[in-house]
Amino acid sequence: MDEKILELKKIIGDSLNIVFFGGAGVSTESNIPDFRSRKGIYSGEGEEGLTPEELISYPTLRRKPELFFRFYKDAVVYPDARPNDAHKTLAEMEADGKLSCVVTQNIDGLHQAAGSKNVAELHGSNAHHYCQKCKKSYVLDYILDTDNCDGVIPKCPCSGIVRPKVVLFGERLDENVINHAINAIRSADCIIVGGTSLAVYPAAGLLSYMSHDCKLVVINRDATPVDDEADLVIQDSIGEVLRLAYT
């Protein structure tokens, strides 16, 4: 077995309170593209002179909802995606009492689908939607059913637009979720960072709350800003690495 996998296995074995901090790279193995890579969601062209980031923003939802939902349904929602080895292994670690919390920048809900219970979703989840007018809650299937849509725009029976419960560009992160993540990171004795370039703030700044004696492991295909500070860096498939290190 690879020397770094053995080292990660030992770190996990010695740790009592692990927190996983993950990003889009965790779900690429479930065939969900990431955002900022060469083939990522934000690498393509937008519509009507708007960039992909602008299309998935709150101003576009408010002013041009048809553009917003066309891009959202075509490029952001992947209803057939299933948990991969990374999601499954993290859920197993939590069930065994090794991992206390998953802090994720993803909105796909795959951690919960794999069985994880304590998940801090920094950017919300597209598994949940709500009417902007009456606040009634809806699941993803509702907005994908054309019978519930005015064209491409999902509508509530009250006539309000049903929007995703995610943090769009131009919106603030939920303070309760942020505090949840901070408390988990502060109390961790090991943080495993996986599938994230740590380029998106304020989410990436949460690692500043880790304690000085906390172990830091980075599993990512590309270099990150914290590699020099990490106790272990593995540039490989996160699903395979976690599976091998926890078997």
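Structure notes:
- Checking each residue in the range 64-90 for being surrounded by fewer than 18 Cβ atoms within 10 Å (Cβ to Cβ), basic (Lys, Arg) and either closer than 26 Å to residue 180 by Cβ or free of Cβ contacts under 8 Å to residues at least 60 places away in the same chain (or both) picks out 64, 82.
- Test for residue 105: is it touching a strand residue (DSSP E or B) at 6+ places or on another chain (Cβ under 6 Å) and either aromatic (Phe, Trp, Tyr) or on the phi < 0 side of the Ramachandran plot (or both): no
- Among (1) touching a residue at least 60 places away in the same chain (Cβ under 8 Å); (2) under 30 Å from residue 98 (Cα atoms); (3) of a type outside the set (Asp, Glu) - the single one residue 144 does not satisfy: (2)
- Members of the range 77-122 that are of a type in the set (Asp, Glu) and touching a Lys or Arg at 6+ places or on another chain (Cβ under 9 Å): 85, 92, 94
- Search result, residues across the range 6-33 that are closer than 22 Å to residue 189 by Cβ and either surrounded by fewer than 17 Cβ atoms within 10 Å (Cβ to Cβ) or among the basic types (Lys, Arg) (or both): 6, 7, 9, 10, 13, 14, 16, 17
- Residue within the range 121-141 that is at pLDDT 95 or above, within 30 Å of residue 17 (Cα to Cα) and of a type in the set (A, V, I, L, M) present: yes
- In summary, residue 93 fulfils each of the numbered conditions (1) farther than 18 Å from residue 239 by Cβ; (2) touching a residue at least 40 places away in the same chain (Cβ under 8 Å) with the single exception of condition (1).
- Restricting the range 134-185 to residues that are among the β-branched types (Val, Ile, Thr) and more than 24 Å from the chain's Cα centre (by Cα), the residue that is surrounded by the fewest Cβ atoms within 10 Å (Cβ to Cβ): 146
- Residue selected from the range 49-63 under the condition under 19 Å from residue 123 (Cβ atoms) and open to solvent by 40 Å² or more (accessible area, probe 1.4 Å), by the criterion nearest to the chain's Cα centre (by Cα): 53
- The residue that is modelled with the highest pLDDT, among those in the range 69-92 that are among the hydrophobic types (A, V, I, L, M, F, W, C) and over 23 Å from residue 240 (Cα atoms), is 69.
- Members of the range 27-68 that are modelled with pLDDT of 95 or more, in a helix (DSSP H, G or I) and either within 22 Å of residue 142 (Cβ to Cβ) or of a type in the set (A, V, I, L, M) (or both): 58, 60, 61, 62, 65, 66, 67, 68
- Conditions (1) closer than 21 Å to residue 54 by Cα; (2) out of contact with any strand residue (DSSP E or B) (no Cβ under 7 Å at 6 or more places or on another chain); number of the one not met by residue 176: (1)
- Of all residues in the range 96-133 being charged (D, E, K, R), part of a loop (DSSP other than H, G, I, E, B) and touching a residue at least 24 places away in the same chain (Cβ under 8 Å), the one that is most open to solvent (accessible area, probe 1.4 Å): 133
The values are calculated or read from the model by the stated rules, or taken from the named source; none is laboratory data. Predicted model, so just to flag it, every value in this text is computed and none were measured. Positions of Cβ are backbone-derived with ideal geometry, glycine not excepted, and every protein chain shown enters the neighbour counts. Just the protein is used for accessible areas: all its heavy atoms, side chains included, with ligands, DNA and RNA removed. Shrake-Rupley method; radii C 1.70, N 1.55, O 1.52, S 1.80 Å.
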